[in-house]
Every structure is written in C-alpha cells, then in structure tokens.
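Each remark here refers to the structure printed beneath this line.
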Amino acid sequence: MATEKDEKKKESPRTFQAPKGMHDVLPADQVYWDKIGDAVNELARAYGFGRIETPVLEAAELYNKTSGDESDVVAKEMYTLRTKGGETFALRPEYTPGIARAYLEHSLSRLGQPQKLFYVGPVFRHDRPQLGRYREFNQIGFETLAGPNDPIYDAEIIEIYVDLLRELKIKDFTIKVNSIGCRVCRPIYRKQLTNYYKNHEEELCEDCVRRLTTNPLRLLDCKEPSCVKLREKAPNCLDKLCVTCTEHFKAVLEYLEEVGITYELDHRLVRGLDYYSRTVFEIYANGKEAEIGALAGGGRYDYLMETIGGHLTPAVGGASGVERLIAVMKARGIVPQARPPKRVFLAHAGALAKKKAFALLAALRAAGITVSESLAKESLGAQLKVADKEGIGIAVILGQKEIYEESVIIRDLRTGLQEAIPQAKLVDEIRKRLHG
Ligand code: AMP
C-alpha cells in the first residue's frame, strides 16, 4: 500500500539543474562580465576591429574540414545534432571556421583588406568539466583576415591579448610562442617527428599510435605521462623551418620586442587544431592560476580558407576564455569597480502619488532615462533604502503636495540636499545631473 510519504514523493515536481559543465551567470558576477565586455569593446575600437556575430549552429562538416577530424575538439568534444530535415549541424566548438565561412559567404574581402573582426560569445565542447574547463564557455576573439602575410599582424594579435590582461589587472603571465612552419617545411619536420616516434611506438598511448599516421604533430600535445616523457627528446620544429618561415617568425618576435612584450619560445607548442601554420601562441597565468589553463591562444591560419572553397588567404587570430579570465581575477582578488549607475530612483509617498509615479516612470523611460523603483513598497523610507542598496545617487520623489503643485522633488541621496522643480523640467534636470 502506498504510504503518505510515497504519495508526496509522487506529487513533488521534478527539479532541474543547469547541464553539467554549463553555468548560470548571476547578477553578482556581472561586474566581471561588464568589465571584460567594456575592455574588449575599447580594445576593438583602439585597434580597429569590427564586431561579427555568427550563428551558434554551423554545418558540422565545416569543423571537420577546418579544425580537423582528428582534433579533440571535433573528434571528441563537438555537440552535433541532426535536424528534422536531415542536416547535421554542430554547436560551434570554436569561432574561427564560422568566421572564415562568413568572410567568404559575404565576400568581405571587397570591404578592404585586411578585415579585422572580433567576437564575444558562447562556444560548446563536450569535455570533462574541471577547473577552468567547461562545456559551455564564452570566447573573446580577434581575427585579422586577408591582406599581406605580414608578421606585424601576428604580433598585433598577441599584443591585444596582453593589453586585455593588463586592462583586467591580470599581471604575472607567460606568453609562449612557436612557429609550426608552412607547406614547404612542415612535411619535412613531420617526417622527422614520425621517424622519431616510430622508434618508440610501444611507449605511446593508444591515441598517439593512431595520430602517428594521421597527424604526428599532435603527439607533442598529448598529456599522457609516457608521451610527455617522449616529447622531451623529440626533434625541434624551429630547427626545421624554411627560410621564409624563419624570417617571418623572427619578425614576429622583433615586433613583440618593439612593444616591450616578453615571451618564451616553446618549440613543443603546436595547438590542438589542424588549420594553424607558422605562428602559434598561448598565454598562461603564472603561479597557482596556471592550473586554470591557457587564458588565450591562437595563431596564423593561412590555409584555412582554401579548405572551404576560398583562395589562399593569409589570416591570424586568437581567442580567450571569459570564464578563465574571471577565474584568475577571482583567485587573485581582483574585483572590478561596478559601473556607477547612471540612473535615478523614483519614489512615492501616498496612494495617489503612486498612481502618478507610475505614469512618471513611463515618461522618464520614454525620455531614455534609466529608472529604478520599488513602487510596491508604501513607506518612503523603505523605498529609499532600496535606492541606497543599489548605489543610486539621485531620487525623484512624488508626494501628495507635489501632485497638486505639478512639481517633483529631486533629492541628492549622498548629500541629502533636495529641491522641488516643476514636473515639466524634470527630464532636462535629470539629464544635467546624470551627465553633467
Ligand atoms: P582554444 O581554441 O582551445 O585554444 O581556446 C581558446 C581559449 O578558450 C583558451 O585559451 C581558453 O581561455 C578558453 N577555453 C578553451 N577551452 C575551454 C573550456 N573547456 N572551458 C573554458 N574555457 C576554455
């Protein structure tokens, strides 16, 4: 027989949680997001990048062809779905292929070269959630497409991320750079690397045995202890660069030095995606926060457009994870200052005033003024407490007397000084006080 407890259990509705590895961003965290958003917009303006937004869904094949079938991002982590129409789409696991697709689809090259584009938005990877590793996270990206294959653009992309970290007050980080060569020199290096690893095949992990034939460069990227150990003695790709790639890389480093950016050469840095050529970079916080993972990474991808039907198009870009930036800021106690609220608080005293206040609220909003209120509270004191909590400096107060006089009180909540002004002048007066 069902007990009362069983019945209750049956009745209680199902509860829900955010999907594993995905997060709600609550109001308390918005200061970080605002700060990062402002910094990114400001940098984009300063460096001349225009914002681009692409759909969250793209044809899954776009990523197979560009990021590479063998990359972890595509092979293991991509969320794919089949539509009722039978198409296979993927939730974007990264932005670059979608941006290249948009560049070709809209013939953006006609708008001038290079095209400098930036984006901020969510990406999805079905990874094992852990510190700094989520299934939904947000990327900030800067991409310089087309124009000459000039090392100055590689340096500029790295410089932007350095500026971003500085702006966020994240000091003490390491920039790792490498060059993985071009079509001419990379096959030679790849062969040498394959020969090296073939001699140690029995010590490789299962994945790397497969990669040895599909993409040997990725062996340098493997985190399995036995593969990490083998990496120590693996041939150095910088020794194998052709003259043009050597010159290009040297110039990137010189440009970085020119703007006082210090870097570390890391000849094992290959990055996890297939489309890179020449310069690659990653930036890590130093100390304990290194565990959070790379704060930014990217590189040159001159051949990507060709793989999706375009011409050879020199391009370089990078991306940074917003959640990781916030994780470092929090770990280091960096709290951005909240934006001073550019708004007023509307309060009322008495039932009739409440009705009028409702209309005044609409009028203020229609004039583009951001207004907070707590009109459901009857006591003026209780309403003003809300204003105080929200950090608002100006209150507009409407009482019985003001209704008859068609006036309104403006009170400076910091000094307590107040004055009555005609309602007709309210909008002008507030604009003056908020922006003056
Ligand atoms: P990637 O394309 O993997 O180099 O990613 C670019 C940046 O996105 C990294 O440098 C990180 O800051 C961030 N990122 C990558 N994967 C994750 C993840 N799973 N969770 C949070 N942030 C990530």
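Below, the figures for the structure above:
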read-out	value
Per-pair calculated FRET efficiency, R0 = 35 Å: Thr213 and Leu81 via Cβ, rounded to 0.05	0.70
Residue of Pro27, Pro422, Pro148 that the Gaussian network model of the chain assigns the largest fluctuation, springs spanning Cα pairs under 10 Å	Pro422
More than 15 Å apart - percent of Cα-Cα pairs taken over the range 285-332	56
Net dipole in debye of the range 290-436 [+1 Lys, Arg Cβ; -1 Asp, Glu Cβ; about Cα centre; nearest 20]	320
Normalised contact order of the chain, rounded percent, pairs of Cα under 8 Å and 6 or more residues apart	15
Whole-number Å³ per residue for the convex hull built on Cα positions in the chain	246
Sites matching GluC sites (Glu not before Pro) across the range 354-436 that sit in DSSP coil, with at most 10 neighbouring C-beta atoms within 10 Å	Glu406
Orientation-averaged projected area, Cα convex hull of the range 344-429 (nm²)	4.9
At most 15 other Cβ within 10 Å, DSSP loop - trypsin sites (Lys or Arg not before Pro), the range 21-103	Lys76, Lys84
Choice from Gly317, Gly272, Gly416 with maximal GNM fluctuation in the chain (Cα, 10 Å cutoff)	Gly416
Nitroxide proxy distance, nm - points 7 Å out along Cα→Cβ at Ile421 and Lys233	8.0
Length released on extending from Lys385 to Lys223, taking residue separation times 0.36 nm less the Cα-Cα span	52.9 nm
Two-site FRET efficiency, Arg14 against Asp69, from Cβ-Cβ distance with R₀ of 30 Å, rounded to 0.05	0.20
Spatially proximal lysines relative to Lys229 (Cα-Cα < 27 Å; intrachain offsets below 8 disregarded)	Lys76, Lys176, Lys191, Lys198, Lys240, Lys288
Point-charge dipole on Cβ atoms (K/R +1, D/E -1) for the range 344-429, about Cα centre, debye to 20	280
The chain, dipole about Cα centre (Lys/Arg Cβ +1, Asp/Glu Cβ -1), debye to the nearest 20	920
Relative contact order (percent, whole number), the range 114-265, Cα cutoff 8 Å, 6+ residue spacing	26
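Laboratory data are not the source of any read-out in this text; all were calculated from the coordinates shown. Bear in mind the structure is a predicted one, so any value in this text is a computation, not a measurement. Heads up, the Cβs are rebuilt from the backbone with ideal geometry, glycines too, and the neighbour counts pull from every protein chain shown.
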